[in-house]
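Trainee: Before we start, here is the structure in question, set down as structure tokens.
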Amino acid sequence: MKNNAKLLKLKSIFMSKKKHKIVVTTHKNPDGDALGSSLALSRFLKKIGHNVNTIIPDAIPSFYKWMPGIDDSYIFDNDHELCDSLISDSDIFIATDFNSLTRNLKMSCSTQSIKAFSICIDHHLNPPEDEWNLLISDTKVSSTSEIIYDIIDFINPSMFDKEIAECIYTGIYTDTNKFFHCCDHSHPYEIMTNLIKMGVNVNKINNLIYNSYTYDRFKLLGYSIYKKLNFIENKGAAYIILTQKELQKFNYEPGYTEGIVSMPLSIEKVNISALISERKDRIKISLRSKTNYDVRYLAQRYFNGGGHKNASGADFYGSLDDAEKILLKAIEELF
């Protein structure tokens, strides 16, 4: 990160003599970067003396429940009143890995009226400047966890410890899809080297994240590929559609579909992959692509979504059939 003026302002806030009441939160359906960035920052702020509460909007996937600080976090969906109280009582509110308060539907009423000094730390495109008192955004980095590393390194590197390192490692490694995208510069690799020096056990963490499927989740993966894969060979595209009934058949839990959308990219001629999955209140659109193909534009133009060049998504409020028709139209027009 090169925005030293904002980093200096952040340092003056965090390192002031006043001990702040801080809430750190992240986006709904939390992934590795959402959890890694929020938990790493929370631990750092606690170590330098602040009163910090971490609020996660909804359920945490089972393969991330080992992460340091998870047990001390609050789940908004589980206790709205307590979380509302913590938010209203805070004097600093920090959002990591999302740049608009509307990203968290159920929490938006609680967060849009906050009186606390609001800080956003993120790496997604088009952040709304007017929503935040302080916006720290860099769209060129691998992950929000990479920004958190740089912030800690800038403010007080002596505060790094194994627990913070494990959270940042998880964020960077998962958000780059094991370094398949968003990592065409040296800095993330340099960070990883330093994290290993801090005690991160790469084999242990990788196994906890990627080799801890439940039997039901593994069967869902197999079913998705064998029964539900659609291949559009002349467009280099593939997509999978999962109904809510199909998800329930495999005893769906949060995180069960994570990684499915990337699997078709292993096919030689597939450059774009999509997963359309039906939830109780919406259709979830997940998009992935190989290096030279931009699915972010597809997400923005056709589904009012967003994300990154090679990893984007959206929430669609219509039928599965409508979502599929729009996806096929987008693929036909763009590719």
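Trainee: Kindly establish whether Thr111 is in contact with a Gly (Cβ under 7 Å, 6 or more places away or on another chain) and either at pLDDT below 95 or buried (at least 20 other Cβ atoms within 10 Å of the Cβ) (or both).
Mentor: Answer is no for this residue.
Trainee: Is there any pair with a first residue in region 123-135 that is under 23 Å from Pro188 (Cα atoms) and a second that is modelled with pLDDT under 90 and of a type in the set (Asp, Glu) whose Cβ atoms are under 7 Å apart and which are 6 or more apart or on different chains, and what are they?
Mentor: Note: pairs meeting the criteria are Leu135/Glu129.
Trainee: Does any residue of region 231-243 turn out to be part of a helix (DSSP H, G or I) and farther than 25 Å from Lys309 by Cβ?
Mentor: No, the conditions are met nowhere in region 231-243.
Trainee: Oh, and also: Mind counting the residues in region 42-75 that are among the aromatic types (Phe, Trp, Tyr) and within 16 Å of the chain's Cα centre (by Cα)?
Mentor: Of the residues in that region, 2 qualify.
Trainee: Within region 4-29, count every residue that is in contact (Cβ under 8 Å) with a residue 60 or more places away in the chain and of a type in the set (Lys, Arg).
Mentor: 5
Trainee: Go through Ile196, Ile168, Ile147, Ile119 for me and flag whichever is under 23 Å from Lys47 (Cα atoms) and touching a His at 6+ places or on another chain (Cβ under 7 Å).
Mentor: Ile147
Trainee: Could I ask something else about it? Is one or more of the residues making up region 140-147 more than 28 Å from Ala5 (Cα to Cα) and surrounded by fewer than 14 Cβ atoms within 10 Å (Cβ to Cβ)?
Mentor: no
Trainee: Further, regarding this structure: Is it true that Lys284 is over 21 Å from Phe179 (Cβ atoms), of a type in the set (Lys, Arg), out of contact with any helix residue (DSSP H, G or I) (no Cβ under 6 Å at 6 or more places or on another chain) and in a helix (DSSP H, G or I)?
Mentor: no
Trainee: Out of (1) farther than 23 Å from Asp315 by Cβ; (2) touching a Lys or Arg at 6+ places or on another chain (Cβ under 8 Å), the odd one out for Phe76 is which?
Mentor: If we test Phe76 against (1) farther than 23 Å from Asp315 by Cβ; (2) touching a Lys or Arg at 6+ places or on another chain (Cβ under 8 Å), just (1) comes out false.
Trainee: Can you say whether Arg279 is crowded, with 17+ Cβ neighbours inside 10 Å and either closer than 21 Å to Thr243 by Cα or in contact with a strand residue (DSSP E or B) (Cβ under 7 Å, 6 or more places away or on another chain) (or both), as far as the supplied structure shows?
Mentor: The answer is no for Arg279.
Trainee: Got at least one residue in region 313-332 being of a type in the set (S, T, N, Q) and part of a strand (DSSP E or B)?
Mentor: The answer is no; no qualifying residue exists.
Trainee: How many residues does region 227-241 hold that are under 26 Å from the mean Cα position of the chain (by Cα) and under 17 Å from Leu298 (Cβ atoms)?
Mentor: Result for region 227-241: 5.
Trainee: Taking the criterion of being under 29 Å from Tyr213 (Cα atoms), modelled with pLDDT of 95 or more and assigned to a helix (DSSP H, G or I), would at least one residue in region 123-145 satisfy it?
Mentor: Looking through region 123-145, at least one residue is under 29 Å from Tyr213 (Cα atoms), modelled with pLDDT of 95 or more and assigned to a helix (DSSP H, G or I).
Trainee: Scan Ile232, Ile260, Ile225, Ile191 and give me the residue that is under 30 Å from Glu332 (Cα atoms) and either among the basic types (Lys, Arg) or surrounded by 19 or more Cβ atoms within 10 Å (Cβ to Cβ) (or both).
Mentor: Among Ile232, Ile260, Ile225, Ile191, only Ile260 is under 30 Å from Glu332 (Cα atoms) and either among the basic types (Lys, Arg) or surrounded by 19 or more Cβ atoms within 10 Å (Cβ to Cβ) (or both).
The values are calculated or read from the model by the stated rules, or taken from the named source; none is laboratory data. Small disclaimer: the values here were computed from a predicted structure and weren't measured. FYI the Cβ positions are ideal-geometry reconstructions off the backbone, even for glycines, and counts take in every protein chain you see.
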